[in-house]
Amino acid sequence: MADTLGQSEELTGAPAAGRRIPVVAGFARPGAGVSPKKAGKQLRESVPHEAHADFEPGADRPSALESVRRTNVGRLPELTPIRVGRMSASPFAFLRGSAGLMAADLVGTPVTGVTAQLCGDAHAANFGLYGDPTGRLVIDINDFDETVNGPWEWDVKRLTASLVLAGREAGASEDACREAAFDAVGAYRRTVRLLAKMSSLDAWNAIADEELVSHADAHDLAGTLEQVSHKARKNTSAKFASRNTEELPDGTHRFTDAPPVLRRVPDREAGAVAASLAEYLATLQPDRLPLLGRYTIHDVAFRVVGTGSVGTRSYVVLLLDHRRKPLVLQVKEARASVLIPHLAKAGFPAPQEGGHEGRRVVLGQKRMQVVSDVLLGWTTVEGRPYQVRQFRNRKGSVAPAALAPEQLDDYGRMTGALLARAHSHSVDPQLLAGYCGKHEKLDEAMADFAVRYADVTERDHAELVTAVRDGRIEAETGV
């Protein structure tokens with residue numbers, strides 16, 4: 001058996017039946033070392049829960065203006081004023097566009113050394129609904145541009161700080177904002193403890209969406225989720241195409257200009273994007289290929305997306321089947337994660353250079369989500385890496401800054417539970433549960449951090465607004 005399996009070695013102790021079963025690489029070694037739960041508890045000695053409250057901006061921290069200018073490098077210059085305009089809209093919007101700045105700040109905060117697949121940008125607006133292959137709506141993290149392996153605490157702290165800022169923007173009291181952060185960490189902690197008690201397979205697929213509201217005790221949010229779900233079911237490629245395309249006399253279809261958000265591109269550029277889909281097909285599972293083989297490519301357009309993503313290259317590709325029913329793909333530039341320069345400083349290995357950034361995004365997404373877009377893939381256009389996915393795949397999201405104060409803590413609990421589920425795909429939940437524990441010390445500490453970091457972000461935002469007003473950086477608002 002050892003020769004057949006290759007990488008294996010025999011156990012010295014035989015099971016009760018007397019059979020000598022080899023230890024196979026990639027599987028757990030029975031009875032080896034300290035249990036994950038005990039190992040997690042031991043981490044509290046070196047990194048006490050209370051330590052997570054600490055935060056003090058470093059003396060060499062870049063200014064908000066300097067940070068925005070640095071992260072504008074490599075983006076399309078004509079679009080960076082839109083990015084600045086969106087980031088200057090509110091402190092919460094500034095946080096959304098400054099994942100790299102926060103990563104630099106988090107380098108100096110305590111970490112346990114436990115590595116997880118991170119979202120990398122786990123703020124409160126990056127959770128939402130989307131359609132699974134059967135047409136059912138699921139809710140999960142839905143943005144992975146910055147995904148990378150790193151300290152799980154960074155995702156949790158970004159989520160908590162964003163909840164405080166979203167609550168302040170919504171007009172919630174300071175106590176309500178802090179409570180939302182506190183409840184998010186509490187839900188994260190309770191969820192990993194729940195997952196640790198389940199079988200490994202059940203934990204992997206746990207927290208079915210119809211049970212999520214009850215598990216997170218987010219009943220005040222149920223009505224809002226129902227409204228978002230109703231809108232999401234209508235948010236499809238067909239609806240987008242009906243509003244943004246036209247039929248030409250020869251029977252072909254093309255996108256209509258709606259600058260600066262949507263614009264047609266020259267034939268050469270459109271051709272390069274279309275040709276790149278051959279490489280994309282090679283990244284899909286083979287059983288997806290007959291489906292896409294029933295569509296014809298009709299047009300390509302450029303479309304501005306997001307807050308942090310504004311200025312990067314992003315295209316929509318119009319496909320039509322034999323009944324002229326549309327499928328729209330998004331081909332979105334994948335830049336290196338803004339967390340990468342800061343991982344080594346925090347004691348975590350950075351990814352090796354030379355990997356395809358679109359592949360990083362897609363594989364990170366698949367590692368964190370329970371259900372992912374079946375058409376996720378990656379490609380290269382004129383030397384630049386891109387991710388490819390369905391556009392408007394019945395997507396919907398809650399606007400956290402528009403929630404009523406009594407809903408904010410419900411949303412915090414829901415997103416905290418979702419983040420715990422996502423992290424448990426790359427970290428044994430027993431290890432996280434052992435560290436997080438039964439009590440609320442971790443919740444208290446991270447809520448304190450969230451308030452402190454929200455205060456810093458408000459100062460950053462004010463500095464950016466002043467720079468815009470003084471003409472030191474250009475901003476285009478209302479786009």
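Could you list, in sequence order, the residues of the stretch 373-398 that are over 18 Å from LEU327 (Cβ atoms) and under 16 Å from the mean Cα position of the chain (by Cα)?
Within the stretch 373-398, GLY396, SER397, VAL398 qualify.
Collect the residues in the stretch 235-260 that are among the charged types (D, E, K, R) and touching a Leu at 6+ places or on another chain (Cβ under 6 Å), keeping them in residue-number order.
Of everything in the stretch 235-260, nothing turns out to be among the charged types (D, E, K, R) and touching a Leu at 6+ places or on another chain (Cβ under 6 Å).
Going by what's in this entry, would ALA172 be described as part of a loop (DSSP other than H, G, I, E, B), under 15 Å from the mean Cα position of the chain (by Cα) and over 21 Å from ALA336 (Cα atoms)?
Numbers: part of a loop (DSSP other than H, G, I, E, B): yes; under 15 Å from the mean Cα position of the chain (by Cα): no; over 21 Å from ALA336 (Cα atoms): yes.
No; evaluated as a whole, the condition is false for this residue.
Going through VAL107, VAL164 one at a time, which residue ends up being surrounded by fewer than 22 Cβ atoms within 10 Å (Cβ to Cβ) and in contact with a Lys or Arg (Cβ under 8 Å, 6 or more places away or on another chain)? Outline the logic, then answer.
Values: VAL164 fails: surrounded by fewer than 22 Cβ atoms within 10 Å (Cβ to Cβ).
Within the list VAL107, VAL164, the selection yields VAL107.
Yes or no: GLU463 over 23 Å from the mean Cα position of the chain (by Cα) and not assigned by TED's automatic domain parsing to the domain that holds HIS49?
No; evaluated as a whole, the condition is false for this residue.
Quick check on GLY171: is it surrounded by 19 or more Cβ atoms within 10 Å (Cβ to Cβ), within 30 Å of ALA93 (Cα to Cα) and modelled with pLDDT of 95 or more?
no
Has the stretch 183-190 got at least one residue that is in contact (Cβ under 8 Å) with a residue 60 or more places away in the chain and either in a strand (DSSP E or B) or assigned by TED's automatic domain parsing to the domain that holds GLY364 (or both)?
No, there is no match, as no residue in the stretch 183-190 is in contact (Cβ under 8 Å) with a residue 60 or more places away in the chain and either in a strand (DSSP E or B) or assigned by TED's automatic domain parsing to the domain that holds GLY364 (or both).
Only residues that are of a type in the set (Val, Ile, Thr), crowded, with 20+ Cβ neighbours inside 10 Å and in a helix (DSSP H, G or I): list them for the stretch 334-384, please.
Passing the criteria: VAL361, VAL362.
Look at HIS439 and say whether it is in the same structural domain as GLY167 (by TED's automatic domain parsing), under 24 Å from the mean Cα position of the chain (by Cα) and either part of a helix (DSSP H, G or I) or of a type outside the set (Asp, Glu) (or both).
No: the conditions fail for HIS439.
On the given criteria, is VAL388 among the β-branched types (Val, Ile, Thr), modelled with pLDDT of 95 or more and out of contact with any Lys or Arg (no Cβ under 9 Å at 6 or more places or on another chain)?
When the stated conditions are applied, VAL388 does not pass them.
Within the group LEU281, LEU248, LEU291, which residue is surrounded by fewer than 15 Cβ atoms within 10 Å (Cβ to Cβ) and under 29 Å from the mean Cα position of the chain (by Cα)? Steps first, please.
On the way: LEU281 fails: surrounded by fewer than 15 Cβ atoms within 10 Å (Cβ to Cβ); LEU248 fails: under 29 Å from the mean Cα position of the chain (by Cα).
It is LEU291.
A quick yes/no check of all residues on (1) at pLDDT 95 or above; (2) under 18 Å from CYS177 (Cα atoms):
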position	(1), (2)
VAL362	yes, no
GLN365	yes, no
ASN393	no, no
ALA404	no, yes
MET414	no, yes
HIS423	yes, no
LEU431	yes, no
GLY434	yes, no
GLU440	yes, yes
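The values are calculated or read from the model by the stated rules, or taken from the named source; none is laboratory data. Just so it is clear, the structure is predicted and the values come from calculations on it, not from any experiment. Backbone-built Cβ (ideal geometry, glycine too); neighbour counts: all protein chains shown.
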